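J.: One structure follows; several queries about it will come next.
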Amino acid sequence: MMREAMYRSLFFFLLAGICEIGGGYMIWKAVKHEQPIWVGLLGCIVMAAYGVVATFQPAGFGRTYATYGGIFVIMSLLWGWVAEKAKPDLYDIIGGLVVLAGTAIIFYAPRK
């Protein structure tokens, strides 16, 4: 049961990450790379979906968003690597692992 809850929360963190990073990337492309305005507007809608997806987490706002921040760091580095061929360097990887460890402690540590 506990493992199922963890998988469920990880799923929603990943879905939220795709929504926020994907939507933000669409806005980034529309503004910085002069893509059509509809690309940016669609990005706004996708980012709004992120706000809804985040509410499916069992924890409160602060803990959920703090944890998502760490996951966002990792997913942003991976997105940049895939979408823009900006391979993370050693310091990106070390920093990402430190952040990920901290977010795992914040969200999954046993509490009374």
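J.: What pairs can you find where one residue is in the range 1-20 and over 18 Å from residue 69 (Cα atoms), the other is outside any helix (DSSP H, G or I), and their Cβ atoms are less than 8 Å apart, with a gap of 6+ or different chains?
T.: Note: pairs meeting the criteria are 5/58.
J.: Name the one entry in 51, 62, 23 that is without any contact (Cβ under 8 Å) to a residue 40 or more places away in the chain, out of contact with any Ser or Thr (no Cβ under 8 Å at 6 or more places or on another chain) and within 15 Å of residue 83 (Cβ to Cβ).
T.: 23
J.: Go over the candidates 69, 102 one by one and state the one that is more than 16 Å from residue 12 (Cα to Cα), of a type outside the set (Lys, Arg) and without any contact (Cβ under 8 Å) to a residue 60 or more places away in the chain.
T.: Only one candidate qualifies: 102.
Listed here are the residues, each with its yes/no results for (1) crowded, with 16+ Cβ neighbours inside 10 Å; (2) hydroxyl-bearing (Ser, Thr, Tyr); (3) under 15 Å from the mean Cα position of the chain (by Cα).
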| residue | (1), (2), (3) |
| --- | --- |
| 13 | yes, no, yes |
| 27 | yes, no, no |
| 38 | no, no, no |
| 46 | yes, no, yes |
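Where a number appears in this text, it was derived from the coordinates with a stated rule and is not lab data. Quantities reported herein were computed from a predicted structural model and do not represent experimental measurements. Neighbour counts are summed over all protein chains in view; Cβ atoms, including those assigned to glycine, are modelled from backbone coordinates with ideal geometry.
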